[in-house]
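Data first, discussion second: the structure below is written as structure tokens.
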Amino acid sequence: MVGICRSTLSLIVFLLFICITTESREISNQDKDDNDRNSKAEQDTFKAGHTSEPITLEKLDENYIKGDQSEKTEKQETEKSSWQDATGSNAEADVDVKQEPFKVREHSPLRNNYHEQDPPLIEPSPVETPPAAINEMKKDDEYKKINDVYEEGMSIINNSHVWSTVIRGYQLLRDASKMGHVEAEIEIGFAYLFGIYLKQQIEAAKEIFLKHAKDGNTRAQAGLGFMYATGLGTNSSQAKALVYLTFSALGDDAMGRMMLGYRYWAGIGVPQSCETSLNHYRKVAEQVASTIKLTGGPLRLRSRLLDEEENRGNSYGRVDEDLIQYYQFLADKGETSAQVTLGRLNYEGSQGFEQDHVKAFEYFTRAADGGNADAQGYLGKIFAQGSEKIKQNNETALKYFKQATEQGSAVGQAGLGLMYLYGKGVKVDYEKAFKYFQASADQGWAEGQLHLGNMYFHGHGVQRDYKTAHRFFNLAAQNGHLLALYYLAKMHASGTGVVRTCRTAVELYKNVCERGRWSLMFEQAYSQYKAGHADSALTVYLLLAELGYEVAQSNVAYILDQGQSLILPNQTYTRALLHWERAATQGYPIARIKLGDYHYYGKGTDVDYEIAASHYKVATEQDKNAQAMFNLGYMHEQGLGMKRDIHLAKRHYDMAAEASPDAVAPVSLALMKIGFLFALEFLQNQRWLHTSSISRFSLYLPEEWDLYLMTVLALMLGFVLAYRRQMR
């Protein structure tokens, strides 16, 4: 029984083995056939597209992905063509798609599994590019061509000061504006407004601004807001000006933000709000600071017309032409100090010079070859930053910085510290950076002070110390470094290391903003004024005044006071009084005296001696101005706006003589007159002398007898001085 069971079990196992072997052979044969087919397909593919490039894993992965995508695309094309054939419509008519005629694959699994016969070939006509898409493509190409014309015109205008060349740039802008370029037309509008390179046409500028302000262009809105604020080409309307400037500021236009920030700071047409002003000025200051490199930014000259008129021959920061020729002569003779001076003037673009890094590079190179340490330091700065004409090169910059530092140059020390601070050409080394910044700052160099403050502020290599950072930023700001002003403004705005003070933060941010590209317009306005184009100069100064520049406000008031402009013929003194007041509010002492004079003589307002005296007092107490002291002495002497007091009059006359040597001569005459008045008053108080006779004597005196007396005394004083000079 056991033997039969074993035999049966062996038979079953044998039969199972035969079945498994047969099935494995069938599977193996099928795999072999598939492999043969795949191998043949790969060989065909290899023969069709064989290259000498080796096949890598990355290539195989890439081919796999492409193959997978091609199958998906082919499947989508099949479904799309079937949908179009069924509906008779192009479902994606607005898409620019190039299709190949569709064919069913020879080895389609659909056919093998479901179709006994080949399905009919579906070959729809290729999809054509819709007219709307073609038009959009044409518009893009046309706009690119128009924009290229605009960019070329702006490049010419911004990079040239030759009259004929700039006119050619504006001609390109006109061409672009005729072809529909909005920004080109707005630039033409500002050119019409200022009348510098194009004929001044204020009405045409207004039409351009109105046209594009309605479409939401922020620059046009700023220009229109300026015109309503000043009454140029339209009736003055502070409400409309506020509306347009608000929309311009919301669109993040820098000019609109500056004008609106100044209005909130000074309370012009709006309630005074320091925080709102801070918000506007901060955003503009961020834009200005982002464009300034670590050199500190150019210092643009702001000429004050009144000071030049009262002190003829004083250049007020502008380098005299004779002095320039003298420096040029010395530079040509090989004097390295003169070469460095001319290089700095061209590099910084200060004191009436245009910024020109190519000329600066030439002067610095000649001086550096002569062994001048500062010239080597400046060359290092030029190579460290690079420019359009000079390629940035850390190795060359490092070489010049090291040469300058070895000779103890503060310029080189600050530059070398910067290389170690940011790891330019060397490894980052805070310890070395701090050492070089400290050495540079000890010599009073602004960049060394700035970077040293930056290290303390961020705690790079030293313990973070906001107070020390604030001290170094303040030193660098006093030396004119723009980024130092910006960092100080941020600290005061946030209360970092100092007590938060909104007004101080606004003043610092405002100072940063006023170092932006708008400051270039001062040179344009000054040139127009000197050329006799008062209307053009006044327009530019008016825009700068609305941006908050105090110098521009005083220049506007001066031009209006002199009656030199015809574009604002009505209420000249009233407008001048307005701008004198704005300039005085920002701390210009002469503007404060002008306010007193306007109220004293009734120019643009009613005669009011008390208000005049109050302005003179402010100028006396805050600015120690000799003219204000003298005027107060005269008002005390005459009893105008205050009680008559000869003793107070004499005190103010003496204060004026002490405050300014120029006041000595007029004070001497005034004191002589006071002596005469004091003697007359003494006689009136004597009992033995009949007062009636003195009173009758005073009746015979003319109304302005004091002026006649001072004239006589002045002649006598002049005669005495001339006689003494002759005797010598």
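The values are calculated or read from the model by the stated rules, or taken from the named source; none is laboratory data. Remember, predicted model here, so these are calculated numbers, not experimental data. When we count neighbours, we look across all protein chains shown, and the Cβ atoms used for this are built from the backbone with ideal geometry, even at glycine. Surface accessibility is based on the protein's heavy atoms, side chains included, excluding ligands, DNA and RNA. Shrake-Rupley method; radii C 1.70, N 1.55, O 1.52, S 1.80 Å.
Only Lys, Arg, Asp and Glu count, each charged at its Cβ (+1, +1, -1, -1), so figure out the dipole size of the range 189-283 about its Cα centre, rounded to 20 debye.
The calculation lands at about 40 debye.
Keeping the other protein chains in place, figure out the carbon and sulfur percent of the accessible area of the range 319-442, with a 1.4 Å probe.
Of all accessible area on the range 319-442, carbon and sulfur atoms account for 46 percent.
Bin width 10 Å, alpha-carbon pairs only: give the P(r) of the range 459-553 as whole percents, running from 0 to the bin holding the largest distance.
Reading the bins upward from 0: 15, 35, 24, 16, 8, 2.
In the range 610-653, what GluC sites (Glu not before Pro) fall in a loop by DSSP, with at most 11 other Cβ atoms inside 10 Å?
none
Give or take rounding to whole Å, what are the principal axis extents of the alpha carbon atoms in the range 154-290, in descending order?
In descending order, the Cα extents are 46, 37, 25 Å.
Could you give me the radius of gyration and the Dmax of the range 574-662, taking only the C-alpha atoms into account and expressing both in angstrom?
12.6, 38
Order 155-162, 488-495 from most to least packed using the mean count of other Cβ atoms within 10 Å.
488-495, 155-162
For the range 195-257, just run the numbers: alpha carbon Rg, then divide by 2.2 N^0.38 Å, N being how many residues it has.
Ratio of Rg to 2.2 N^0.38 Å for the range 195-257: 1.05.
What size of dipole, in debye to the nearest 20, comes out for the range 453-526 about its Cα centre when the only charges are +1 on Lys and Arg C-beta atoms and -1 on Asp and Glu C-beta atoms?
220
Determine one quarter of the surface area of the Cα convex hull of the range 149-200, which equals its mean projected area, and express it in nm² to one decimal.
If I average the Cα hull's projected area over directions, I get 3.0 nm².
Mean separation of Cα pairs under 8 Å and 6+ residues apart, divided by the residue count of the range 541-660: what relative contact order is that in percent?
Taking the mean separation of contacting Cα pairs over the length of the range 541-660, I get 15 percent.
Could you sort 235-245, 326-336, 476-486 so that the peptide with the highest average Cβ count within 10 Å comes first and the rest follow in order?
Packing proxy ranking, top to bottom: 476-486, 235-245, 326-336.
State the answer as a single residue: which of A331, Q355, N394 lies farthest towards the positive end of the charge dipole of the range 326-412, with beta carbon charges of +1 for Lys and Arg and -1 for Asp and Glu, about the Cα centre.
Positive-most Cα among the choices belongs to N394.
What number results when the radius of gyration of the range 546-587, computed over Cα atoms, is divided by 2.2 N^0.38 Å?
The value comes to 1.07.
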